[in-house]
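Below: the structure, in structure tokens.
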Amino acid sequence: MNEEITASILGIEATSGGCMFITDTNEWHRVYTKDPLIQSVVTNAFLSASQIKLEIKPGREIHRVMAFESQGQYSYSPSWFQYTLTRIATQYSPENGHRLEAFISGHDGIERQYNIQDRFLQKAIEAAFTLYAVTFPESENRIDISLKENEIIKIRIGYELTDHESK
């Protein structure tokens, strides 16, 4: 049987083909979706700091998003992430079409360019850029990424839920 929860979205962890959201309902949990529309709507709830009502399938998959209203500005800025998203752009090639380019610097301060084809990863980068450009213009755009062979395979923004925090 599906469960309904009302939660705040505290973080996003995007991987190729899927997206995990960190929720707070009195306890922190992970919920996920592979659906692009649900992922986009929940990302908007994250960016607007809205309470959101979700219908969750067994296994913590988001089945449906109920109506919610924007609550205003985001209230915190994660400063412990090790990367800074400095700028974004789009690139086009006849072979691959359009892709997102993310310019990210690490602890060494060197800015590196990453091409991102996967739509879920693109959405997370867009959300991170929007979050800081609109709500924290005076702060650094801190994110965390995981790399495999110089390709981004995971992006985290907001709070990160570690295994010992999961209930």
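The values are calculated or read from the model by the stated rules, or taken from the named source; none is laboratory data. Since we're looking at a predicted model, the values are computed, not measured. Virtual Cβ from ideal backbone geometry, glycine too; neighbours counted across all protein chains shown. Ligands, DNA and RNA are stripped out before the accessible areas are found, and what is left, the full protein with its side chains, is counted by its heavy atoms. Shrake-Rupley method; radii C 1.70, N 1.55, O 1.52, S 1.80 Å.
Can you name every one of the strands (runs of 3 or more DSSP E) wholly within segment 1-92 that holds 2 or more residues which are more than 26 Å from Glu151 (Cα to Cα) and touching a helix residue (DSSP H, G or I) at 6+ places or on another chain (Cβ under 6 Å)?
The strands (runs of 3 or more DSSP E) meeting that bar are 62-65.
Can you say whether Ile22 is free of Cβ contacts under 8 Å to residues at least 60 places away in the same chain and not charged (D, E, K, R), as far as the supplied structure shows?
For Ile22, the condition - free of Cβ contacts under 8 Å to residues at least 60 places away in the same chain and not charged (D, E, K, R) - is not met.
Determine whether Arg60 is farther than 20 Å from Ala128 by Cβ and under 18 Å from the mean Cα position of the chain (by Cα).
Against the criterion (farther than 20 Å from Ala128 by Cβ and under 18 Å from the mean Cα position of the chain (by Cα)), Arg60 qualifies.
Can you pull out the residues in segment 88-115 that are at pLDDT below 90 and basic (Lys, Arg)?
Arg99
State all residues of segment 127-143 that are surrounded by fewer than 16 Cβ atoms within 10 Å (Cβ to Cβ) and either at pLDDT 85 or above or part of a loop (DSSP other than H, G, I, E, B) (or both); if no residue qualifies, say none.
Hits for segment 127-143 are Phe136, Pro137, Glu138, Ser139, Glu140.
For segment 19-31, enumerate the residues that are open to solvent by less than 30 Å² (accessible area, probe 1.4 Å) and within 11 Å of the chain's Cα centre (by Cα). Before you say what the answer is, go through the steps one by one.
Here is the first cut: in segment 19-31, the ones open to solvent by less than 30 Å² (accessible area, probe 1.4 Å) are 19, 21-23, 31.
Passing the criteria: Cys19, Phe21, Ile22.
Ile5 - would you say it is closer than 22 Å to Glu126 by Cα and modelled with pLDDT of 85 or more?
no
Criterion first (crowded, with 16+ Cβ neighbours inside 10 Å, at pLDDT 85 or above and under 19 Å from Ala14 (Cβ atoms)) does Thr84 satisfy it?
yes
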